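Here, each number is a calculation from the coordinates, and none is a lab measurement. Quick caveat: nothing in here was measured; it's all calculated off a predicted structure. Positions of Cβ are generated from backbone atoms using ideal geometry, with glycine treated the same way; all protein chains shown enter the neighbour counts.
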Amino acid sequence: MGDGPSETVGQLLRAARDRLGARSESAGLDAELLLAAALGKPRSFLYAWPDHVPTASVRERFDHALTDRLEGQPVAYTLGVREFFGLELAVSPAVLIPRPDTELLVEHAVAHIDAGHAVADLGTGSGAIALAVAHERPGARVLATDASPAALAVARANARRLDLRVDLVAGDWCAPLADASVDCLLCNPPYIAEGDPHLAALSAEPASALVSGRDGLDALRAIVAQAPRVLRPGGRIVLEHGFEQAAAVRALLAEAGFRDIDSERDLGGHERISFGRLRD
Ligand SMILES: C[S@@+](CC[C@H](N)C(=O)[O-])C[C@H]1O[C@@H](n2cnc3c(N)ncnc32)[C@H](O)[C@@H]1O
């Protein structure tokens, strides 16, 4: 990849940035994260020791990681971790890489969750939402579902490592939940339409975590239709969705008998979560 065994950290980074430049919008950051991981050091090491000459095995690990990145593998899968709501979560290609966008849903939800509340996170993936809620509201009882056993295994390992209590259950959306048992129902479902051009850049992540029917709303329709059975009267639902789907989701919630329906915008000004309360 470069001039050989005497290359310094600074030279390796410059060469890697050039190599990744065409493939990644975050080429500089990607190169730093991957080299720090290959060295087994924090990123600050790269700034403190730009003249350090890595060993041949470090260079080899770094070169493999760059090749994977050039072939479209997200950095989070190579590193095996992603931070979400202050928690370090293990991730694998079995789960969606948790997005900063979803922190908006968690922030909104925890403001309405009290000790003793029963909270359910549908389609938990890495466990991101459920674990963030369990961490922020230790007095709440948190249950999470996913249709993917492989995703549940990742969530279970995260719960164990972070020492957080979340009951993880396999099943289709609300199916594993008892009638009128939940105070707060949370979900970041798949919501991209089949054939959407954005999917090309997301091909490393599971399609079952991303795609939901011709208009992207199949999962949201199913979840909103199932929610009244499992929510207690007055219980809340908070749903993440695409930035052009808020009006459709509010209409689904109104049809299903929810009240106090509204949406919240992200920092970019897009309506990204919608919510409501089941009638008493
Ligand atoms: C967009 S990902 C969200 C993952 C995680 N909650 C997050 O925010 O990072 C959607 C998740 O829903 C799960 N899923 C898809 N269809 C499902 C279904 N019918 N029932 C339960 N979970 C489902 C997928 O396996 C995936 O983990």
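Of the residues Leu267, Leu231, Leu33, the one that moves most in a GNM of the chain with alpha-carbon contacts below 10 Å is Leu267. Here the stretch 99-163 and the stretch 1-49 have alpha carbon centers that stand 34 Å from each other. Amide hydrogen proximity for Leu89: with H placed 1.01 Å from N in the peptide plane, the residues at 5 or more positions away or on another chain lying under 5 Å are Arg82, Glu83, Phe84.
Between Ala178 and Ser57, the FRET efficiency from the beta-carbon distance, with R0 = 41 Å, is close to 0.15.
Relative to the longest principal axis of the Cα atoms of the chain, the long axis of helix 246-255 makes an angle of roughly 30 degrees. Distances between placed amide hydrogens fall under 5 Å for Leu143 paired with Val119, Ala120, Asp121, Asp167, all partners being 5 or more residues away or on another chain. Projecting the Cα positions of Leu33, Gly257, Val110 onto the charge dipole of the chain (unit charges on Cβ atoms of Lys, Arg, Asp and Glu, taken about the Cα centre) puts Val110 furthest along the positive direction. Taking a ≥ b ≥ c as the square roots of the Cα gyration tensor eigenvalues, with a/c under 1.5 meaning rounded and otherwise prolate when a/b beats b/c, else oblate, which class fits the stretch 146-280? Oblate, since a/c reaches 1.5 and b/c is not below a/b. The angle between the Cα long axis of helix 9-20 and the main principal axis of the chain comes to about 60°, on a 0 to 90 degree scale.
Sparse packing (at most 15 other Cβ atoms within 10 Å of the Cβ) combined with a DSSP loop state is found for the following GluC sites (Glu not before Pro) in the stretch 175-280: Glu194, Glu244.
Sorted from fewest to most neighbouring beta carbons within 10 Å, what does the list Trp173, Trp49 look like?
Numbers: Trp173 22, Trp49 15.
With the sparsest Cβ surroundings first, the list reads Trp49, Trp173.
If you take all other residues with their beta carbon under 14 Å from the beta carbon of Gly216, and give Lys and Arg +1 and Asp and Glu -1, the sum is -3. Counting charges near Ala201 (Lys, Arg +1; Asp, Glu -1) among other residues having Cβ under 11 Å from its Cβ returns a value of -2. With θ taken as phi - 60° and the Karplus curve 6.51 cos²θ - 1.76 cosθ + 1.60 applied, the whole-hertz 3J(HN,Hα) list for the stretch 56-69 is 4, 6, 5, 4, 5, 4, 5, 5, 4, 5, 5, 4, 4, 5 Hz, x standing for glycine and proline. Largest GNM mean-square fluctuation among Val142, Val58, Val211, using the chain with Cα springs under 10 Å: Val58.
In order along the stretch 144-157, phi translates into HN-Hα couplings of 9, 10, 7, 7, 9, x, 5, 5, 4, 5, 5, 4, 5, 5 Hz, rounded to whole numbers, per the Karplus curve 6.51 cos²θ - 1.76 cosθ + 1.60 with θ = phi - 60° and x for Gly and Pro.
Applying the Karplus relation 6.51 cos²θ - 1.76 cosθ + 1.60 with θ = phi - 60° to the stretch 129-141 yields 3J(HN,Hα) values of 5, 4, 6, 5, 5, 4, 6, 6, 10, x, x, 7, 9 Hz, where x marks Gly and Pro. Sort out for me the Cα centre separation of the stretch 173-215 from the stretch 235-280, rounded to whole Å. Each part's Cα centre sits 15 Å from the other's.
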